[in-house]
Every structure is written in C-alpha cells, then in structure tokens.
Amino acid sequence: MESAFIGGPQAEDMDIHDERIPTATFATCLDSMPQPCVDLVVEYEGGIVLTRRQNEPAKGEWFWPGSRLYKGERLDDAAPRIAAEELGLTSVETERLGVSEHFWDTSSVDGVDTRHTVPVVYRVVPDDGAKITLDDQHDAYRVVTEPPADANRYVLEYFDRFDIGQ
C-alpha cells in the first residue's frame, strides 16, 4: 500500500493560518484534543529565560515562553517566530531538543476545565547583544541557572530531561 504522504501537500504548498480562532471553535478543540505547541528554552546572559505568564494555564507562574503551532507552519519556523513575538528576539539560532506532554487542570477558555498540550521543545540562542522585549502574555522575565524553588513541574522536567544549565 502506498503512503498517503507521497505526492501530498507539503508545508510550502499550504497557507499558514495564524488568524485568531473563534472562541467557541477553540474551546471545542481544547476540550476534545491535545494542542500542539512549541516551548522555548532561551539561553540569555549566562542563564535560561523564564517568563511570568499572564494567562492560563500556569497564570502567574514562571514558565517557558511558548505558543501554539499554526496550521501549515513548520516546527523549525515556529521557534524563531515565537522568540520574536513573545520576547522580541528577531535573530536566533535554534535546536530541537525533544517533545513533552503537559496536562493542566486549568484553561484559558471559559467552559474548558482542563488542557492537554504537546510542546516540541527548542533551545534558542539569540545573537549577542539582543535585548528581550516581552509581549502582553508575560509581565516579567528572569534569567536562572537552575530551577527556582517555586518552579512549575514542567520547568523542573525540562531542566532534568534536556540537561539545561549543566
């Protein structure tokens, strides 16, 4: 049997859908399936960047910068996009570290009580002299060399699994 992927559409043939998803549609998706995401482990000023989130899940917690993957977007293109959008870092080198799973008991959408995300994790190294400028999803950042005492379990997981700060 021939693979369904042979001769099928490639990312370069597909439009990237970065538009905002209507809330009701997004809620249905979050309530019924995992959400593919990209998380960033950013090496900066001798440490690793954690950002304080302004939205659920993990609102108010120090966490990895990250966002959803757009339909039609290649994973390797998502990492620099997210670095630019969330941190203002427009020139970065990236390396794919691996994949994780996050299970949340909160969500950013009314009527959806839980969330399941599947982040592909990237190491990001900005150009020398780059300065971080946060978007409105974060109210602060800090640079750490080890996980903080109050770290989210997924922050701890990445430090351990991906040998961060070692």
The lone condition residue 67 fails out of (1) in a strand (DSSP E or B); (2) touching a strand residue (DSSP E or B) at 6+ places or on another chain (Cβ under 6 Å); (3) surrounded by fewer than 20 Cβ atoms within 10 Å (Cβ to Cβ) is (2)
Picking from 58, 78, the residue that is assigned to a loop (DSSP other than H, G, I, E, B) and of a type in the set (A, V, I, L, M) would be 58
Checked against (1) of a type in the set (Asp, Glu); (2) surrounded by fewer than 14 Cβ atoms within 10 Å (Cβ to Cβ); (3) assigned to a loop (DSSP other than H, G, I, E, B), residue 73 satisfies every condition except (2)
Of the residues in the range 97-153, those that are farther than 15 Å from residue 165 by Cα and among the aromatic types (Phe, Trp, Tyr) come to 103, 104, 141
Quick count over the range 117-151, residues being at pLDDT below 95 and surrounded by 15 or more Cβ atoms within 10 Å (Cβ to Cβ), is 4
Note on residue 61: of the conditions (1) at pLDDT 95 or above; (2) closer than 21 Å to residue 145 by Cβ; (3) not hydroxyl-bearing (Ser, Thr, Tyr), unmet is (1)
When every residue in the range 107-116 that is of a type in the set (Val, Ile, Thr) and within 18 Å of the chain's Cα centre (by Cα) is compared, the one surrounded by the most Cβ atoms within 10 Å (Cβ to Cβ) is 109
When (1) within 18 Å of residue 58 (Cβ to Cβ); (2) surrounded by fewer than 16 Cβ atoms within 10 Å (Cβ to Cβ); (3) in contact with a His (Cβ under 6 Å, 6 or more places away or on another chain); (4) not acidic (Asp, Glu) are applied to residue 154, the one that fails is (2)
Contact list, first residue from the range 56-73 and closer than 24 Å to residue 139 by Cβ, second anywhere and surrounded by fewer than 20 Cβ atoms within 10 Å (Cβ to Cβ) and hydrophobic (A, V, I, L, M, F, W, C), beta-carbon distance below 7 Å, six or more apart or interchain, is 57/104; 62/151; 66/37; 67/37; 68/37
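The values are calculated or read from the model by the stated rules, or taken from the named source; none is laboratory data. On a predicted model such as this, the values are computed, not experimentally measured, just so you know. A quick note on method: Cβ atoms are made from the backbone with ideal geometry, for glycine too, and the neighbour counts reach across all protein chains shown.
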